[in-house]
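Chemist: Structure provided below as structure tokens; questions to follow.
The values are calculated or read from the model by the stated rules, or taken from the named source; none is laboratory data. Just so it is clear, the model here is predicted, and its values are computed rather than measured. Every residue, glycine as well, gets a Cβ built from its backbone with ideal geometry; the counts of neighbours run over all protein chains shown. These area figures cover heavy atoms from the full protein model, side chains too; ligands, DNA and RNA do not enter into them. Shrake-Rupley method; radii C 1.70, N 1.55, O 1.52, S 1.80 Å.
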Amino acid sequence: MLSPAILVPAVLNGLMTGAVYALIALGLTLIYGVLHIINFAHGALLTAAMFAAFFANNVLGLDPYLAALPLTVLFFALGYALQRFVIGPAGHGDDRNILLVTLGLAIVIENALLVAFRADTRTINLPYAFDVIEVGTAFLAVPRVIAFAVVVLVALVLWLFMRRTDTGKAIRAVAKEKFGAELSGIDVGHIYAVTFGLGTACVAVAACLLMPTYYVNPTAGNAFVLIAFTIVVLGGMGSVAGALIAGLFVGVVESLSGLYLGESLGQIGIFVMFILVLLFRPSGLFGERA
Amino acid sequence: MRAWAPIAIVVALLAAVPLVTASNVVLNFMVVALLTALVGQGWNLLGGYGGQYSFGHAAFFGTGAYATAILQVRYGVNAWLGFAIGIAAGAAVGAFIGALSFRSGLKGSYFALVTLAFAEVLRIVASVAPITGAGVGTLIKLDLRAEALQFQSRVPFYWIILGLVAVSVVIMRMIEDSRFGAYLVALRENEDAAKALGVNTTLVKLAAMTISAAIAAAGGCFYAQYFLFIDAGIAYGPWISIAALLAPIVGGAGTVFGPLLGALVVKTLGEATKLVAGDAPGLDLVIYGCVLILIVAFAPSGIAGLLLKARQRFAALKSLRPEPPHG
Amino acid sequence: MFRFSRVSRRRFLQSTGLGAVAGLVSAPVVSRAQATAVKVGILHPVSGALSYSGQQGRLGATMAIDEINAAGGIKALGGAKIEAVLGDAQSTPDGGNAEVEKMNSAEVSAIVGGYASAICLAASQTAARYDLPYVVDVGVVDSIVTRGLKNTFRFGPGFGVIAKTALDNLVSINDQAGKVAKTVVIVHEDSAFGAGLAKLLNAQLPDRGFQVLATIPHPTPTRDFNNVVLQIKALNPDLVIPADYYNEYVLLARTMQQQRVRPKGIYSVLGGAASSYKFVKEFPEAAQYIMDCNHWFDPKNAKAIDLKKKVEGKGEFFTYEVYMNYSCVLLLADALERAASADRAKITAALESSTFAGHVMPYGPTKFVNGQNQGAAPVNTQVLGNDIQVILPAAFASAKAVFPMPPA
């Protein structure tokens, strides 16, 4: 198993898978970093976005990469509305309650999708989905390479947004010191909603990147949630760069431990690493001290 | 000295259920509700009273379930003994995870996530380890004798789970009245202040976690005896971790009856939505989720909080005094 | 969107008390002697992770009931109609358990369904408390019929038979092609069904002259198969034997196509998508030449062809859950006729002695021993062109096996 002929493609695979994980985690880390809530509804929102990407292709004939633009806007609005009109008011600012609200939302979204679209698995069959780029012994699937590039781009855009724009600075201010931010005139409720919207928008992009090679049914998004949490912690809650790097790292770890321990037991590699990081360096790679 | 009357009344009322109804549908419903309440009681000690939310109570539930199942199936150990060992095993796992986590100073969301990770690790190991039957799971042989902790009728199961819940309620009340309980609540409210006052917060948290784990493990042992089949997803899956926190929070975290109230409300809601929604798959759960959000929106301190507020309003009205200021 | 059949609406009305009012209002002036309906519980996981399979199972069962009722109901009971009491197991054993309690309370005479082995185990056990006959529709683990429960019947084959048949047929196909395949890689999902099957295969393959290079377990769901396929590529086996649920199987097959991994044959045992019309329709290239040893209908049976047309006419795929449940309900109806009673004990006795032949499955003669139908067997299929053909056993075959796989 140690031969480079297998190791190199495995690492490359891990990077590409990790990129998509990173994007999903990016949404989660923003939401956690700013609102300090663990968003249980993240998986269900991903599923909803994947259905949206599916129907954009099936009904409107839109290629998922093109659909990403309108869907990002749509899901940003959805996320904004959810935080502003459901989670915020119902949660009363109490961590416990917000937890239950996001849990309730997850149940509602997943089952609404079941009622509306039934349980069958839906897939998109794109003409270029089976094209590969050969790099040495590795066959890299074109959609996955595109996904990698897009994720890096999105992370960069988000990072610039957080650093250079007023809204981005306001978000960082609220994340660091909510009361102070409020005193300086920032509308915290609005910022919370914007952040949640951004998080949901990330998930929408991830959905469009996944659909060419994956599938969707009402429970499909749940498979990515735990691993997204792991990446959020690893990268440091609230850190964009952290989420990207940790995501890639986790992808590679998953790939290699899957090779050495088998896909089932290999999943353990991620969680053991997760536990070790939490025990010894909870702030993660780039986060604030716990 | 708090009155034990409310506890006695509630337990007596619940005990009367099998005498009042012969319906197995109701009995089964109540057994499952009480089981949820039991695991919730465990969570509530650590999360409600202690303020340390766990997302991984499945780790203890599952350990209790597997311990008793494996001991019976592979080593022929008596079911009652297995039950006791299962509780001890769960408590040990709780102590282990607690020791690691609290000594590293994990709090809040970090603590919650580490418990989640531990539960996941256990689930993965259980799904590949030969001793648990790996993917195939463990099936306890049907043996309807009291010595094997299996019964033809649902009623003895009901007594057992009710007894376990009653014991857990008594334990909660005793803790509430004790110094240990005071320390626990103090560190929930402000851990640094508690430490400054000389409370050994790490030890207190560890003790709470161990007891919490033992109670959850008891739930797991009971599950194994009632359903006679477990696999990695059932024992260590997220469904039980979620149920463990849902019941207490809905019912009122940090109260003695919170988990019981919450479990009954949540389970009844599940059945009611099924009735209303008919046979359309998933529609009942959509309604369930919406009602859950509404409950949280309108009862932020849980059902117990609602009841408390109602009682206060009523008392204020009665004595014609102006309403006491709400905290 | 969702099917709100006549039957379930009645239950809904009853439960909200409106039924009582409606009953008063619609009391017939001239009453006809109408035989009391026989209630049958139809239990499937129609919500949760297994919802697709559950819904397909429910479809097959309800279609059978509608057919029987349209043809005059149970004649031995004066034309009594079968009334379906639908239950949602919510993809968990305790969900199934609770539904069985309700069905018992609603005084059903028997229950059909379960689908997943874990649900079947719990549900049939609960049914046993009330001596309620339980017909398992799919659940393949052997322990379902080895617990000594008198009420539990399984019409379809269990693991043991499936693994043995699969191996016998594999040897036969390989021999006919000149023994070109020697090495094998098994890929399986890691729960009851996949793990149990892999264990059996591992034990028996070497005795049949095959070398197992690796056994690769993976969870359900698995997000990505690239590494599994990498390993397969590196090991370069003659045969890949997958045992998975639908989604993972499709992902695996697509990834193999993407990575240009093309062994001499892909031979599935209970392959989730390998004998699925949906898979063939959506990914024809990835599906070509894949062989499966799985539940299938009898392609030479007119009733089966007719059912297929009806199901596809509804816009659904003709999947194994449909025709297995269909056959189970027909089996039960036959038992009701022979028992001439809705009494549970009589139905159980009738099932025990059943020799029912009016089903649509490619089985031998029906005979229940300890609740297992001895005639039950899987068949071998292969995707050829745009269709799925039966290649073994010869009695049911509609095409010859193409092995080894021609080059791409």
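Chemist: Would you mind getting the accessible area per residue of the protein assembly as shown, heavy atoms of the protein chains only, 1.4 Å probe, in Å²?
Modeler: 37
Chemist: Treating the beta-carbon of each Lys and Arg as +1 and of each Asp and Glu as -1, no other charges, what is the dipole magnitude of chain A about its Cα centre, to the nearest 20 debye?
Modeler: 420
Chemist: Let me ask you something else. For the protein assembly as shown, what number results from the quotient of the Cα radius of gyration and 2.2 N^0.38 Å?
Modeler: Relative to the rule-of-thumb radius for its length, the protein assembly as shown sits at 0.94.
Chemist: Any idea what the dipole of chain C comes to, in debye rounded to 20, about its Cα centre with Lys/Arg Cβ at +1 and Asp/Glu Cβ at -1?
Modeler: Rounded to the nearest 20 debye, it is 520 debye.
Chemist: Taking all protein chains together and a probe of 1.4 Å, list B:178, A:255 from the most accessible to the least accessible.
Modeler: Sorted descending by solvent-accessible area, the residues read B:178, A:255.
Chemist: Ignoring ligands and nucleic acids, what accessible area does residue C:361 show with a 1.4 Å probe (Å², nearest 10)?
Modeler: 10
Chemist: Straight-line reach from residue A:169: which lysines fall under 19 Å, measuring Cα to Cα and dropping same-chain residues less than 8 apart?
Modeler: A:178
Chemist: Still on this model: Per-residue counts of other Cβ atoms within 10 Å, averaged by peptide: what ranking do you get for A:241-250, A:87-96, highest first?
Modeler: Result, highest mean first: A:241-250, A:87-96.
Chemist: By how many degrees, between 0 and 90 and to the nearest 10, does the Cα long axis of helix A:166-176 differ from the longest principal axis of chain A?
Modeler: 80
Chemist: Here's another thing I want to ask about it. What does the average come to when, for each residue of peptide A:222-233, you count the partner chain Cβ atoms lying within 10 Å of its Cβ?
Modeler: Partner-chain Cβ atoms within 10 Å, mean over residues of A:222-233: 3.
Chemist: Hey, which lysines would be in cross-link range of residue C:264, C-alpha to C-alpha under 20 Å, not counting anything within fewer than 8 residues on its own chain?
Modeler: Those lysines meeting the cut-off are C:179, C:182, C:233, C:400.
Chemist: For segment C:223-328, which trypsin sites (Lys or Arg not before Pro) pass both filters: DSSP loop (anything but H, G, I, E, B) and at most 12 other C-beta atoms within 10 Å?
Modeler: Answer by residue number: C:314.
Chemist: For segment B:1-58 and segment C:142-182, what is the separation of their Cα centres, given in Å?
Modeler: 46
Chemist: Given DSSP loops and a limit of at most 15 other Cβ atoms within 10 Å, what is the longest stretch of chain A that contains no such GluC sites (Glu not before Pro)?
Modeler: A:1-176
Chemist: Here's a follow-up. Which of the residues in segment B:224-242 lose at least 30 Å² of accessible area when you go from the chain alone to all protein chains together (probe 1.4 Å)?
Modeler: Going by heavy-atom accessible area, the residues of segment B:224-242 that drop by at least 30 Å² are B:227, B:229, B:242.
Chemist: While we're looking at this one, here's another question. Of C:398, C:327, C:91, which has the most accessible area and how do the rest follow, probe 1.4 Å?
Modeler: Sorted by accessible area, descending: C:398, C:91, C:327.
Chemist: Might you report the magnitude of the Cβ-based charge dipole of segment B:2-320 about its Cα centre, with Lys and Arg at +1 and Asp and Glu at -1, to the nearest 20 debye?
Modeler: Computed about the Cα centre, the dipole is about 560 debye.
Chemist: Here is a follow-up. Anything over 28 Å Cα to Cα? Flag those among C:164/C:346; B:141/C:278; C:102/C:346; C:81/C:150, in the order listed.
Modeler: C:164/C:346; B:141/C:278
Chemist: Compute the distribution of all C-alpha to C-alpha distances in chain A, in bins of 5 Å from 0, and list the percent of pairs in each, rounded to whole numbers.
Modeler: Result, from short to long distances: 1, 6, 12, 16, 18, 18, 13, 9, 5, 2, 1, 0 percent.
Chemist: If exposed trypsin sites (Lys or Arg not before Pro) are those in a DSSP loop with at most 13 other Cβ within 10 Å, what is the longest stretch of chain B that has none?
Modeler: B:146-327
Chemist: Oh, and also: Per residue of segment A:270-281, what does 6.51 cos²θ - 1.76 cosθ + 1.60 with θ = phi - 60° give for ³J(HN,Hα)? Whole Hz please, x for Gly and Pro, Karplus curve as stated.
Modeler: 5, 6, 5, 4, 3, 4, 4, 4, 4, 6, 10, 8
Chemist: Would you compute, from DSSP H runs of 4+ residues alone, the mean residue ellipticity of chain C at 222 nm, taking -39500 (n - 2.57) per run and dividing by the full residue count, rounded to the nearest 500?
Modeler: Value at 222 nm, helices only, nearest 500: -13000 deg cm²/dmol.
Chemist: I would also like to ask the following. What is the percent carbon and sulfur in the accessible area of segment B:2-320, measuring with a 1.4 Å probe over the protein chains and ignoring ligands?
Modeler: 72
Chemist: Also, quick follow-up: To the nearest 10 degrees, how steeply does helix A:225-235 sit against the main Cα axis of chain A, on a 0 to 90 scale?
Modeler: 80
Chemist: Oh, and also: Quick one: 3J(HN,Hα) in Hz for segment C:49-59, Karplus 6.51/-1.76/1.60 with θ = phi - 60°, rounded, Gly and Pro as x.
Modeler: Those phi angles translate into 4, 9, 4, 4, 4, x, 5, 5, x, 4, 4 Hz.
Chemist: Let me ask something else about it. Calculate the tail of P(r) for segment B:2-320: the fraction of all Cα-Cα distances greater than 25 Å, expressed in %.
Modeler: When all Cα pairs of segment B:2-320 are counted, 52 percent exceed 25 Å.
Chemist: Sticking with this one: How large is ³J(HN,Hα) for each residue in segment C:284-300, as worked out from phi by the Karplus curve 6.51 cos²θ - 1.76 cosθ + 1.60 (θ = phi - 60°), to whole Hz, x for Gly and Pro?
Modeler: Whole-Hz 3J(HN,Hα) from phi for segment C:284-300: x, 5, 5, 8, 4, 6, 5, 9, 9, 10, 7, 5, 7, 8, 7, x, 9.
Chemist: Summing Lys, Arg as +1 and Asp, Glu as -1, what charge do residues with Cβ under 13 Å from the Cβ of residue B:102 carry, residue B:102 excluded?
Modeler: +3
Chemist: If you bin every alpha carbon distance in chain C into 20 Å steps from zero, what whole percent lands in each bin?
Modeler: With a bin width of 20 Å, the distribution comes to 27, 54, 17, 2.
Chemist: Quick check on chain B: helices-only [θ] at 222 nm, where DSSP H runs of length 4 and up contribute -39,500 (n - 2.57) each and the sum goes over total residues. Nearest 500, please.
Modeler: So the calculated ellipticity at 222 nm is -25000 deg cm²/dmol.
Chemist: Another one. Please state the relative contact order of chain A as a whole percent: Cα pairs under 8 Å, 6+ residues apart?
Modeler: 37
Chemist: If you don't mind, another one. Which positions within segment C:252-272 get 40 Å² or more of their accessible surface covered by the other protein chains, compared to the chain by itself, with a 1.4 angstrom probe?
Modeler: Listed in order, they are C:254, C:258, C:259, C:260.
Chemist: Right, another one. Please work out the C-alpha center-to-center distance from segment C:199-228 to segment A:84-118 and express it in whole Å.
Modeler: 40
Chemist: Over what distance in Å are the Cα centres of segment B:254-273 and segment A:172-188 separated?
Modeler: The distance from the Cα centre of segment B:254-273 to that of segment A:172-188 comes to 38 Å.
Chemist: Evaluate Rg over Rh across segment B:217-327, taking Cα atoms for both radii and Kirkwood's formula for Rh.
Modeler: We get a ratio of 1.10 for segment B:217-327.
Chemist: Find the percent of Cα-Cα distances in segment B:1-74 that exceed 22 Å, and round it to a whole number.
Modeler: Tail fraction, whole percent: 48.
Chemist: Just by accessible area at a 1.4 angstrom probe, what is the order of C:267, A:32 from largest to smallest?
Modeler: Largest to smallest exposure gives the sequence A:32, C:267.
Chemist: Can I ask one more? How many Cβ atoms of partner chains, on average, are near each residue of C:213-225 if near means within 10 Å of its Cβ?
Modeler: The mean count of partner-chain Cβ atoms within 10 Å per residue comes to 6.
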